[in-house]
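Only one structure is covered here, and it is reproduced in the block below.
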Amino acid sequence: FQKTPEIYSVELSGTKDVKKTDKGDGKQKYRGLKNKCSNFRKNDQIEEIKEELDLDDHKLSSEELEKRYGTNIITGLSSARAAELLARMGPMPSTLPRRPRDCQDVMCLTFPWRDLVLGSGSLLSLTPLLITQVYLGAVLALVVILTGIFAYYQEAKSTNIMASFSKMIPQQALVIRDAEKKTIPSEQLVVGDIVEIKGGDQIPADIRLLSSQGCKVDNSSLTGESEPQSRSCDFTHDNPLETKNIGFYSTTCLEGTATGMVINTGDRTIIGQIASLASGVGNEKTPIAIEIEHFVHIVAGVAVSIGIIFFIIAVSMKYPVLYSIIFLIGIIVANVPEGLLATVTVTLSLTAKRMAKKNCLVKNLEAVETLGSTSIICSDKTGTLTQNRMTVAHLWFDNQIFMADTSEDHSNQIFDQSSETWASLAKIITLCNRAEFKPGQESIPIMKKTVVGDASETALLKFSEVILGDVMEVRKRNRKVAEIPFNSTNKFQLSIHETDDPNDKRFLMVMKGAPERILEKCSTIMINGQEQPLDQSTAKAFHTAYMELGGLGERVLGFCHLYLPADEFPETYSFDIDTMNFPTSSLCFVGLLSMIDPPRSTVPDAVTKCRSAGIKVIMVTGDHPITAKAIARSVGIISANSETVEDIAKRLNIAVEQVNEWDAKAAVVTGMELKDMSQEQLDELLANHSEIVFARTSPQQKLIIVEGCQRLGAVVAVTGDGVNDSPALKKADIGIAMGIAGSDAAKNAADMVLLDDNFASIVTGVEEGRLIFDNLKKTIAYTLTKNIAELCPFLIYIIVGLPLPIGTITILFIDLGTDIIPSIALAYEKAESDIMNRKPRHKKKDRLVNKPLALYSYLHVGLMQSLGAFVVYFTVYSQEGFRPSTLIGLRLEWEKHSVNDLEDSYGQEWTRYQRQYLEWTGYTAFFIAIMVQQIADLIIRKTRRNSIFQQGLFRNKVIWVGIASQIIIALILSYGLGSITALNFTMLRAQYWFVAVPYAILIWVYDEVRKFFIRLYPGGWWDKNMYY
Amino acid sequence: MRRQHRSRRAPTFPHGYRYRLDDQDEANQNYLADEEEEAEEEARVMGVPNLEEKEKEEEQNEEEEGQGQPTGNTWWQKLQLMNEYLWDPEQRMSLARTGQSWSLILVIYFFFYASLAAVITVCMYTLFLTISTYMPTFTERVKPPGVMIRPFAHSLNFNFNVSEPDTWQHYVISLNGFLQGYNDSLQEEMNVDCPPGQYFIQDGNEDEDKKACQFKRSFLKNCSGLEDPTFGYSTGQPCILLKMNRIVGFRPELGDPVKVSCKVQRGDENDIRSINYYPESASFDLRYYPYYGKLTHVNYTSPLVAMHFTDVVKNQVVPVQCQLKGKGIINDVINDHFVGRVIFTLNIET
């Protein structure tokens, strides 16, 4: 019921449109794109994404481009032409499509109720004959409107939080038109415009670069990877997304400047297409929505069937048909739990609030529970499982591998720092590094400081800062005289320094780079501070260490140095880096250092928790399989004792093909392998391996994986950060976007935002989600129970002809008055047992409202409640003069306005108004009786299996607030508003408040007995039939 | 046609998002010289997904869907499922329970409800032990007394035409019927003649039978129907009887019996020129109080006051309000028009 109607309405014509426009020129095609995307059915989605892009502008020369777009690279478009184009194409929408989030959304949630409540309510108002129900229809309508507004308010509040996240898309663009530079609002850009961008700008449209000076862009809004990428005007790749001469809308230019020609604007940009595609992926109903619908069906079923049964009874009792119909409607109305919508909404938003505190910001309230029923989590690696920063993990020197501390604060470096070799290595690490801390961060802890420089250099800088102290000071003392920065052909970085030893006039040359390249340049190796010749055995030791570190998925760097002889290189020597007038061979190898993006320290625990909670964690990463596997192992996604096919092959020393696939519990699948798999193979893979890592996957394959998991019937949670993740986020049962690294589009598509990007937060979310499901069960059981106590009086009234025991308005005061706060209070109930130790709920079997729940609520507790309430009712009437024997069949005479001397059991005569007043006293008494018994009901609903005394009667304080509220509201209604006749409440004698207490206790005792037998015979007949 | 266009466009995108790894690595200054990786990358570029096949499958699916099953089919299936749920012949189950399971559940429910019924019965029984059958526990809801008139035929509007007996005959019948219990012979036989002007208090146990004071029909003189069997309706001078609602234990103020007085409720006071009250005191004698309840005070007959409207304006609706007057009597409750007063209209046509 979350589907927008447009998706289906123009299906056929949509496809035809595409066919036609496809023959037209390239630009035209994009017009239909958005329309088309949303028109295709879900199962076409994968293909859709893959077929999305057809762009060849990057292949053309500037001249061809000029011709195609009718522009001039130097002077730009003329204003007139721009205006014409703008008029024809329409302005570029300034924002990405947002998730439709308005009344419509709320109405979706309220819909089943609206249907039930309003439907019956309006029927009622059509038949104003029913007792006091003349204005009941209006009251019900008001109830619906109020709960609707309330639900909307709750939704709007969480939307507001989201709104604070959405950043502004670039407002201004520097454009060349009529040979003049102009600043115009970016939505007025048209295809063919020549724009200039510089560092810090967001790119205002898809542009083909025409010239570039050191331009680097951050494509994280598109891919989620924040590594800077260089941009030039050269055509480097067939694929427009890989070529370097195209800049994408909404990505950021980090440094340098560039000039480019606009080739696509607005929704026709790559990012616009993906985003609109995401909005086209149909939203599945959330599990909780399905459950609530199921619940509404049950309630409606019960209501309608009881209604019809009593309609037949009423007709056969010779009631006029009109009256029978009114009875029918009355019964249906009495069955509607009017207050439940508000309760569920509040309960969900309370949990959402609680989750927000734990860094899970829930956008869609229903998603709160979805997380709880999650059975598979497809998680990103970078940033989610890992800390998203390179960190030194291992060192190799003196023929030994040392481990460095990779925890979040680096505080505990335990490796041996006494060796002379370490001193040399430390010097190289410190000096051969161009990264620097940004100034003005003295008070910030080292690990949190911002650094100018790339990831590896940053890691090294921080590493040395932690161990050695002030790096900048060291560098100052060892003045740099020359430097060769890293480039991809050299694969090394070199710098030459003066030493800080005033007696030593030699220059120190330090170098780092790819280990084998560094080793090639070395002739000696430093062992325990002594230079030794590099022979076969040391080279072998190097290779072993290198392979081992590489096998851990770590990025390995080699370090070497050379003290330049003072005679050859005097202090005044001028180094020329172009001619390389210094030796770059026969250096002294010092050591290796390996870096990894280490897992977050909380993640392994969280993964273990997931496993014990029956949730499969699948890692989906774009990273290299070895790295992925290493991280998977270290966080426990691949557990210590399980092997992949490759591991088995290695252990048994046989070929991979010979290994029986089913022996391996774990699997590492690359994107390439995934591509060759058929749907069945993927399903098999997902079903048969409990530990799966997908490496080298593209975000599009994420969608395939998600769909595969969903085919298995799993509820899938997916994390993602880039725009291109948004279809998968949308497709998943619960999409989780990253709050820090995530792009706006991802956040828009997601149901939840992780504020700290931490996987462990998902697990807390799961826990909350499961708890809320349990607690909603309790809430619903609590709410349903009194329905019988509200319905029975009406049935008895029809059949036995008693004066009406409880009026409709009084019922509303229970449903929307006394019962609201207690049912919300159940949301604060703590879990009965460790909810993270059981399997995720089965979508089809573990329903929110199941048969035992309905039966136990309706036929056990509900019935006991009605009996208790009837005892109070009879007590009141008997003590006033009408004994039950008199009451039976009295209804007709009782309600006649003309009968003003109706005789009671004692021969007294009552006027109509006196009877009416007595009837209201009866309502009040019945109301109080239900209220008193609902207190017992509330207490028993605290647990479903454990005894109340195991759970602790006073642990949930909110329950007691709820009970107090019930009593206070009842007191106010009876004694405060008892004189307002319209409300049908009277001042009740104090003793009637206590008549129902024994029945309340009876309910409590009965429920304790029920729970006792459930605990005594787990899995037995009683457990199966009585545990809800 | 459609497939063609699709496959033409197919290969462009899949490469799309794999680029980032290469670029990223380079941007990271690829120290990791991993030859394996490079080889793999090349292989990846080679791999184009077999979209064609997938599409074929999907198109077939679409075609099947396109042919479409009549919507009634699903309904039929649902009905069958429902039917199977109601009675599954294979496993001999009804509503997903076997016969054995059903009997077990029915037995359990039987015992549950039986014991519940027992508990409730015991509770109700003890409740009624505490409530006297002779005297109501509370009487404040039924006080102060209400008032009702006779004849009463569903309406308090007396419309009749003197010359057409059909229009007033039913009043006469009603009054006659009502006064049967007041027949002098019956009263003399059943009830005692107790001294007027004082309460007729009968001490003794609750459950002792109480005697009742006589209220003879003849007390009503011209309105007794004994002399004028049409109660004055035939002459346009209708009799209307007024009685006060019985309340157990109710005693009017001593020495000040409750009086009845009628007047035009709204309009010209001269519309009613004269009313005769019977008994002439227009009051309820104290000897009829207190009332001891229907169980012991079996023959109690409510005292009456008859109003004889001897001179009322004819051919016009005259609203009449009769009120009780006396200490402890309330006759102006807004919501209740029958407490201490009664309002009716007379419309006598000639």
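Rule-based calculations on the coordinates, nothing more; no lab input. These numbers come from a predicted model, not from an experiment. Don't worry about glycine lacking a Cβ; one is built from the backbone with ideal geometry, like all the others, and counts go over all protein chains shown.
Given the range B:78-130 reduced to its alpha-carbon atoms as identical point scatterers, what log10 I(q)/I(0) does the Debye formula return at q = 0.16, 0.24, 0.26, 0.29 Å⁻¹?
-0.61, -0.85, -0.90, -0.97
Placing unit charges on C-beta atoms (Lys and Arg positive, Asp and Glu negative, everything else neutral), compute the dipole magnitude of the range A:777-1026 about its Cα centre in debye, rounded to 20.
Result for the range A:777-1026 is approximately 1820 debye, rounded to the nearest 20.
Sum up the charges of everything whose Cβ sits under 15 Å from the Cβ of B:Arg273, counting Lys and Arg as +1 and Asp and Glu as -1, but leave B:Arg273 out.
-2
Given +1 on the Cβ of Lys and Arg, -1 on the Cβ of Asp and Glu, and no further charges, what dipole in debye does the range B:196-257 carry about its Cα centre, rounded to the nearest 20?
300
Can you sort A:Thr386, B:Thr130, A:Thr489, A:Thr584 by how many other beta carbons sit within 10 Å, fewest first?
A:Thr489, B:Thr130, A:Thr584, A:Thr386
Please give the average number of partner chain Cβ atoms lying within 10 Å of the Cβ of each residue in B:133-144, rounded to a whole number.
Going residue by residue through B:133-144 and averaging, the value is 5.
Give me a single rounded figure for A:895-904: the average over its residues of other chain Cβ atoms within 10 Å of their Cβ.
5
Sum up the charges of everything whose Cβ sits under 14 Å from the Cβ of A:Met931, counting Lys and Arg as +1 and Asp and Glu as -1, but leave A:Met931 out.
-3
Determine, for A:Leu494, A:Leu1016, B:Leu127, the number of other Cβ atoms within 10 Å of each Cβ, and report the residues in order from fewest to most.
Exposure proxy ranking, most exposed first: A:Leu1016, B:Leu127, A:Leu494.
Arrange the following residues from fewest to most other Cβ atoms within 10 Å of their Cβ: A:Cys610, A:Cys360.
In increasing order of surrounding Cβ atoms, one gets A:Cys610, A:Cys360.
Looking at the range B:168-256, which GluC sites (Glu not before Pro) are in a loop (DSSP not H, G, I, E or B) and have at most 15 other Cβ atoms within 10 Å?
The qualifying sites are B:Glu206, B:Glu208, B:Glu227, B:Glu253.
Hey, got a sec? Which GluC sites (Glu not before Pro) in the range A:558-643 land in a DSSP loop and have at most 12 other Cβ atoms within 10 Å?
A:Glu568, A:Glu571
What's the local net charge at B:Glu84, with K and R +1, D and E -1, over the other residues with C-beta under 14 Å away?
Here the charged neighbours net out to +1.
Per residue and in Å³, how big is the convex hull formed by the alpha-carbon atoms of the range A:777-1026?
Here the figure is 133 Å³ per residue.
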